1. Once every DSSP H run of n ≥ 4 in the chain is given -39500 (n - 2.57) and the sum is divided by its residues, what mean residue ellipticity at 222 nm do you get, rounded to the nearest 500 deg cm²/dmol?
2. May I ask you to rank 52, 591 by accessible area, largest first, using a 1.4 Å probe over the protein chains only?
3. Test of the criteria: in the stretch 250-291, which trypsin sites (Lys or Arg not before Pro) are in a DSSP loop and have at most 11 other Cβ atoms within 10 angstrom of their Cβ?
4. Suppose R0 equals 25 Å. What FRET efficiency, 1/(1 + (r/R0)^6) with r the Cβ-Cβ distance, do residue 531 and residue 193 give to the nearest 0.05?
5. What distance in nm separates the two pseudo spin-label positions at residue 524 and residue 346, each 7 Å out from Cα along the beta-carbon direction?
6. Spelling out what I want: for every residue of the stretch 454-464, take phi, set θ = phi - 60°, compute 6.51 cos²θ - 1.76 cosθ + 1.60 (Karplus), and round to whole Hz; glycine and proline get x.
7. How far, in degrees from 0 to 90, does helix 143-165 lean away from the longest principal axis of the Cα atoms of the chain, to the nearest 10?
8. Send over a whole-number figure in Å² for the accessible area per residue of the stretch 156-289, probe 1.4 Å.
Amino acid sequence: MAESMKGLKRTHRCGELSAANVGETVTVMGWVAKQRNKGGIIFVDLRDRSGILQIIFEEGDVGEEGFAKAGRLRSEYVAAVTGRVERRAGAVNENLATGEIEVRAQSVRILSEALTPPFPIEEDSKTKEELRLKYRYLDLRRPDLQKKIMLRSRITMAIREFMTKEGFLEIETPMLTKSTPEGARDYLVPSRVHPGMFYALPQSPQIFKQLLMCSGYDRYFQIARCFRDEDLRADRQPEFTQVDMELSFVDQEDVMEVNERLIKYICREAIGLDVQLPLRRMPWIEAMNRFGSDKPDTRFGLELKDVSEVVKGCGFGVFTSALEAGGSVRGINVKGQAGMPRKKIDSLVEYARGCGAKGLAYLSIQPDGSYKSSFAKFMTEEELNALAAAMEGEKGDLLLFAADKNTIVYNVLGGLRLELGKQLGLIDEKRFDFLWVTEFPLFEWSEEENRYVAMHHPFTMPVEEDLDLLETDPGKMRAKAYDIVLNGTELGGGSVRISDENIQERMFTALGFSKESAHERFGFLLDAFKYGVPPHAGLAYGLDRLVMLLTGAESIREVIAFPKVKDASCLMTEAPNVVDEKQLEELGIAIVAKKEAAPAGDAAEQTSAQE
């Protein structure tokens, strides 16, 4: 039977008590983590978000009724205990912040009883994630998860403190806005008041924050909820949180400088990490050539080497045909792994195929200097020696090569070096390695749309020296864009925005937009620019990713209170779900079932019958 809290006030959280409180009478409240009945004495571990505290019950202290209540306490019962803080009579528990003390109970109230939980509420739970997410309100009681969620709160507070001191204004932008389908899919919201019309949930506050610069607010920031209806990915969320900002009368260096100080402040306040400034800078082309990635993990080596010139005249057709098609041949030197078993090499070949390669060539330099290779028979000894030298290969090294279009070679070797870095234990997991990646391409070619698309968005300013290429060779243009990367993960990205009407029109033309279509999508922004727009630039962080990396979490789901799973559903609330027919009628929406394609066997039978 649950009891009332009437007349009872909590004096401390469980984890706030220490030896300094010995002798005090305190009242604590929380969940029963564990109960141990030793006959004449009962031990209870009481837990709240601050930690665990041991309570000791003896009948002489709490009376017969109180001792009986203590005996009824079970896992996850909610209890209030008043008692005296004492030093532990037994050994100190080094694993608990409160391990030196215990509370000798004087009274106890059972505030709520509990069913037996479907899984243990404990740190480092081995329970399947699907079950834990179904009962997320229980999962969130686990101390390790609570620490991550509380650290997220501290990080968010630190961001607000820093930005306010730096003269930024926190301004909210709309959740219901106009769909501008350029990039990821929008989540659409039907309007009842405007039948047949739809709002879109924002993928980012991009246009609104630029409008705020036009409105003279100078420095804006927002902890913004954003939405993207993306294809299924293991560690993506359909709704996520951005730390969004925009600044007026600045250039790229100004944005990067204030954000470096923001990162330093967050890391110091949240986890006591001293980040050394300035952060390293790396142009995009250097990142791709050295690491095969625009978000390189630079905590370890295994850097890519371009050996195209070395093998261009060799007898190995895989290499030469890739070069003739305008691609490249690149490799990585896996030091000391010449003895890697063939079965493991085959698994790396399969991994490469999964990254889009046709295969993976290898050259193993044996202890006696001879070669074992998948392609040695196609090359002379001189060619093999030159290739090994170009790769800085030594006895005992394993050289791995990819030959194809640059995009595929980068993807294959970039992924392979990460995989090998994990397998071989080359990554220092305790290290925090920040860097800026700069000078991204302004455009990328879309095979699907057969046109150039903006790598970031249509309002990104080109590097001034490249403006002459806008009509002649847009694929070679660089953007005044910058990403901040931590340990191989993109934390955030931004750019200087176009504030010149002529450059913006040329940009839209290069992207294949007519004046009419550009105005239809972005007219209110383009109109605003006609009334005086300051030079401006901005950046947005993924808050979920930042917290994940700073807490050492394996997934962003660990740092989001109520996450979705990879198919964008919520196992706890069972969202998305059907709605009442009446709601659909009010919106003028009818659900049309998709016709499923006939199985291959049925189609073959139908074709046969028609013949």
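The values are calculated or read from the model by the stated rules, or taken from the named source; none is laboratory data. This structure is a prediction, so every number in the text was calculated from the model and none was measured. Every residue, glycine as well, gets a Cβ built from its backbone with ideal geometry; the counts of neighbours run over all protein chains shown. Each accessible area value is taken on the protein alone, full model and side chains, heavy atoms only, with ligands, DNA and RNA left out. Shrake-Rupley method; radii C 1.70, N 1.55, O 1.52, S 1.80 Å.
1. -9500 deg cm²/dmol
2. The residues order as 591, 52, largest area first.
3. Sites meeting the loop and neighbour criteria: none at all.
4. Approximately 0.25, to the nearest 0.05.
5. 6.0 nm
6. Calculated HN-Hα couplings, in order: 6, 5, 9, 7, x, 9, 7, 6, x, 4, 4 Hz.
7. Computed tilt is about 70 degrees.
8. Roughly 51 Å² per residue, with all protein chains present.
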